[in-house]
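Trainee: Submitted below is the structure of interest, expressed as structure tokens.
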Amino acid sequence: MAEKKSYDAKDITVLEGLDAVRLRPGMYIGTTGAKGLHHLIWEILDNSIDEAANGYCSRIILSLNSDGSVTVEDNGRGIPVDIHPVLKVSAVEVVYTQLHAGGKFNNDNYAYSGGLHGVGASVVNALSRWVTVEVNRDGKKYIIEFESSVGKNGKIVGGAVKSPLTIVGKSATTGTKVTFMPDDRIFETINFDYNTINKHIKEQAFLNKGLEICLVDNRNPNVEPVVKSYKYDGGIKDFANYLTESKTKLYDEAIYLSGTSSDIKVEVAICHTDEYVDNIFSYVNNINTSEGGTHEVGFKSAITKVFNDLARKANILKDKDSNLMGDDFREGLCAVISIKMKNVQFEGQTKAKLGNPEARPAVEAVTISELTNYFNGRGTGKTLSAIIEKALGAAKVREAGRKAKEIARQTNSLDNTNNLVGKLAACSGKNYANNELFIVEGNSAGGSAKQARDRHFQAVLPLRGKPLNVEKKRLEQVLQNEEFRTIISALGAGIGQKFDLSGLKYHKVIILADADQDGAHIRAILLTFFYRYMRELITEGHVFIGMPPLYKLKKKDLTEYVYSDAEIDEAIKRFGSNYKLSRYKGLGEMNPEELWTTTLDPKERTIVQVSIEDAAEAEKMITTLMGDNIDARKLYISENADFNKEDKAMNLLKKK
Ligand code: 28G
């Protein structure tokens with residue numbers, strides 16, 4: 001996919017200064033939205049993580065400051081401070097002001113897919129209002145400051161030196177401390193999201209064995225700072241155990257393997273649960289590859305080979321028996337694969353798939369030899385027999401052809417299910433391109449929406465509670481769920497392999513859920529469902545998120561609806577005094593008229609189109625459950641939340 005373009009002189013001039021970064025930020029950080037903003041942190045953090053990977057740093061502290069800036073501090077060697085022989089400035093200044101990096105930008109995928117390898121610091125500097133770097137090294141403390149300010153010609157000069165490297169005192173330690181203020185002239189938002197950062201550093205702590213990463217949220221001056229610290233001495237082995245901690249495991253401890261082949265470092269953690277789906281999480285250079293790729297292919301073929309060989313050696317598979325299939329050994333599998341390699345090529349819809357062909361044999365070789373070694377050791381008899389038994393069970397089902405038959409039968413039965421769409425309030429118009437389907441959280445909001453809508457082109461499907469989490473289900477189980485069956489038949493385009501957009505009866509599918517944690521969960525489950533079974537619905541731009549207002553401001557006959565917390569202060573100011581402010585806790589609180597004006601009326605409403613990246617992110621959230629609330633997490637997993645039951649996990653969250 002990643003076709004290499006030639007790197008000519010024109011490119012070099014474009015790429016030399018930091019202006020190039022300010023001119024085309026998307027080239028370097030993907031977007032100037034929230035995702036790109038957080039990328040700034042990941043880039044600086046990566047430099048500390050690299051220092052840790054080299055063996056010189058054991059702790060990183062990430063602080064969110066009350067002025068909106070971010071500080072990252074590590075206890076590594078400190079960025080070098082010696083004077084560059086040609087440029088005659090300090091090495092740390094070079095790192096923060098030069099986009100050198102030896103022609104690495106000739107690959108479009110490169111910057112976009114994360115990991116700017118060595119140029120991240122200068123990109124962050126270019127896109128910040130100001131940056132301060134403190135280096136502790138050689139018994140001294142040094143400081144250098146950068147800023148982006150308006151130059152003589154009225155243009156903004158990005159990341160210029162404000163004060164060059166200066167010794168400000170002595171130091172008994174070593175390390176680097178970087179503080180930066182994202183530039184609000186570049187980014188659509190400069191609000192950092194705690195959960196996004198928390199999730200990221202937890203994931204990075206799992207991927208970097210023994211490295212301690214702390215997160216300190218200092219942003220609210222009225223409360224004690226929120227402090228979190230992650231350190232996993234077992235690395236991805238701990239990650240695999242964590243991902244299965246609330247499930248029934250077939251053996252207690254995850255299997256951990258590591259090795260190097262053809263200059264590719266490979267680590268693998270494997271465990272099995274009593275579930276039927278598999279969850280494989282893979283990473284390349286600490287970047288998540290949610291679309292899989294060659295490393296996953298190598299891993300899968302390796303475990304199939306090793307487990308078949310071991311089953312034969314144990315005489316569980318007899319000479320006359322044929323080998324079990326890969327799918328059989330992956331039933332209930334939870335695995336984490338982490339590899340480190342050079343010249344990574346990403347491909348796929350979200351650039352989250354590893355394309356390098358050399359990764360396949362490398363992962364395969366390490367997994368085969370290390371997994372075989374593992375089972376040649378002592379005390380693994382139980383583990384092995386549990387894995388083989390599980391696979392034999394899966395094979396039985398497979399051989400009976402039950403899976404295939406059931407899916408075929410149920411998919412076909414969806415073709416004429418008029419009886420199923422009972423709860424759906426369809427629309428009268430037959431111009432599908434115009435038609436909209438609102439999937440609405442809760443019966444009461446659903447009722448209001450049915451009254452409020454324009455029935456010529458708007459259909460409403462209310463959901464009673466929380467949808468079945470598709471993550472831990474086989475397709476045939478998803479197809480048994482009444483709510484999903486209703487959605488599938490209402491849309492009229494089939495599902496899975498049989499999905500065909502030409503049958504689609506609503507060209508806009510709008511998810512309407514409350515702006516709370518429950519609503520977020522429902523959105524994530526629905527997006528995961530679409531992502532897994534109707535992906536084209538998303539890639540072709542048919543899926544939207546509806547945005548109900550959070551507040552109503554009223555004064556005499558003037559009414560204004562406010563859609564975000566960020567806007568409310570300003571709106572109140574505009575109203576002056578004697579206004580009435582009400583907060584909508586949910587869609588259910590709105591009467592049909594209000595619902596129409598604020599949320600349904602195409603002329604007034606705000607709806608946000610869902611991108612494939614959003615859906616991939618939602619899926620990842622559901623499958624890794626990287627959240628912090630362990631009780632809620634466990635409950636959520638153990639309770640097969642369905643439409644008719646109240647979700648206990650969420651009630652629990654609310655009580656806290
Ligand atoms: C706190 C926030 C972000 C870093 C280091 C340490 C060294 C370094 C960083 O070298 C790259 C290497 C030599 C030219 C390396 C120190 C060797 C010896 C380092 C960070 C390029 C710069 N002593 N720690 N960079 N050099 N932490 N944390 O940025 O060839 S960046």
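Just so it is clear, none of the values below were taken in a lab; they were calculated from the coordinates. Values in this document were obtained by computation on a predicted structure and should not be read as measured data. Cβ coordinates were reconstructed from backbone atoms using ideal geometry, including for glycine residues, and neighbour counts include every protein chain displayed.
Trainee: Counting other beta carbons within 10 Å of each Cβ, put 318, 353 in order, fewest first.
Mentor: With the sparsest Cβ surroundings first, the list reads 318, 353.
Trainee: Given 0.36 nm per residue, what is the gain on full extension from residue 443 to residue 369 after removing their alpha carbon distance, in nm?
Mentor: Full extension of this stretch gives 21.0 nm more.
Trainee: Eigenvalues of the Cα gyration tensor times 5, then square-rooted: what semi-axes does that give for segment 194-329, in whole angstrom, largest first?
Mentor: Over the Cα atoms of segment 194-329, the ellipsoid semi-axes are 37, 17, 13 Å.
Trainee: When 499, 146 are ordered from fewest to most other Cβ atoms inside 10 Å of their Cβ, what list results? Don't skip to the end; give the middle numbers.
Mentor: Numbers: 499 18, 146 25.
Placing the least packed residue first, the sequence is 499, 146.
Trainee: If you take every residue apart from residue 599 with its C-beta less than 14 Å away from the C-beta of residue 599, what net charge results, scoring Lys and Arg +1 and Asp and Glu -1?
Mentor: -3
Trainee: A further question on this structure: In whole Hz, with x marking every Gly and Pro, tabulate ³J(HN,Hα) for segment 485-492 from phi via Karplus 6.51 cos²θ - 1.76 cosθ + 1.60, θ = phi - 60°.
Mentor: Taking θ as phi minus 60°, the curve returns 4, 5, 4, 4, 6, 4, 5, x Hz for segment 485-492.
Trainee: Go ahead and estimate [θ] at 222 nm for the chain from helices alone: -39,500 (n - 2.57) per DSSP H run with n ≥ 4, summed, over the residue count, rounded to 500.
Mentor: -11000 deg cm²/dmol
Trainee: Taking a temperature of 25 °C and a viscosity of 0.890 mPa s, what whole-number D in µm²/s does Stokes-Einstein yield for the chain with Rh from Kirkwood over alpha carbon pairs?
Mentor: My calculation gives 89 µm²/s for D.
Trainee: Rounded to the nearest angstrom and ordered from largest down, what semi-axes does the equivalent ellipsoid of segment 154-230 get from its C-alpha gyration tensor (root of 5λ)?
Mentor: They are 27, 22, 15 Å, listed largest first.
Trainee: Over the chain, what is the percentage of antiparallel beta bridges among all DSSP beta bridges, to the nearest 5?
Mentor: Once the DSSP bridges in the chain are tallied, antiparallel ones form about 75 percent.
Trainee: Using the eigenvalues of the Cα gyration tensor, what equivalent ellipsoid semi-axes result for segment 476-550 when each is taken as the square root of five times the eigenvalue, whole Å, largest first?
Mentor: So the equivalent ellipsoid measures 22, 15, 10 Å along its semi-axes.
Trainee: Oh, and also: What are the aspartates and glutamates whose alpha-carbon lies under 14 Å from the alpha-carbon of residue 209, with same-chain residues fewer than 8 places away excluded?
Mentor: Once the sequence-local aspartates and glutamates are set aside, what remains near residue 209 is 50, 51, 233, 238, 267.
Trainee: Shifting gears a bit: Hey, any idea what the orientation-averaged projected area of the convex hull of segment 323-386's Cα atoms comes to, in nm²?
Mentor: Quarter of the Cα hull surface area: 6.2 nm².
Trainee: Return a whole-number percent for the relative contact order of segment 204-307, with Cα pairs under 8 Å and 6 or more residues apart as the contact set.
Mentor: For segment 204-307, the relative contact order is 18 percent.
Trainee: Then there is this: For a footprinting-style exposure proxy, rank 278, 614 by other Cβ within 10 Å, fewest first.
Mentor: Fewest-to-most ranking of 278, 614: 278, 614.
Trainee: Of all DSSP beta bridges in segment 488-600, what percent run antiparallel (nearest 5)?
Mentor: Details: 9 of 12 bridges.
Close to 75 percent.
Trainee: Below 11 angstrom from the Cβ of residue 392, what's the summed charge of the other residues (Lys, Arg +1; Asp, Glu -1)?
Mentor: With Lys, Arg at +1 and Asp, Glu at -1, the net is -2.
Trainee: Checking the table 556/580; 552/573; 35/351; 228/249; 423/466; 450/498 against a 19 Å threshold on Cα-Cα, which pairs fail?
Mentor: Those over the limit are 228/249; 450/498.
Trainee: What ranking, highest mean first, results for peptides 200-210, 521-531 when packing means the other Cβ atoms within 10 Å averaged over each residue?
Mentor: The densest-packed peptide leads the list: 521-531, 200-210.
Trainee: Mind grabbing the base-10 log of I(q)/I(0) for segment 216-294 at q = 0.19 Å⁻¹? Debye formula, identical points on the C-alpha positions, no solvent, two decimal places.
Mentor: Rounded to two decimals, the profile gives -0.93.
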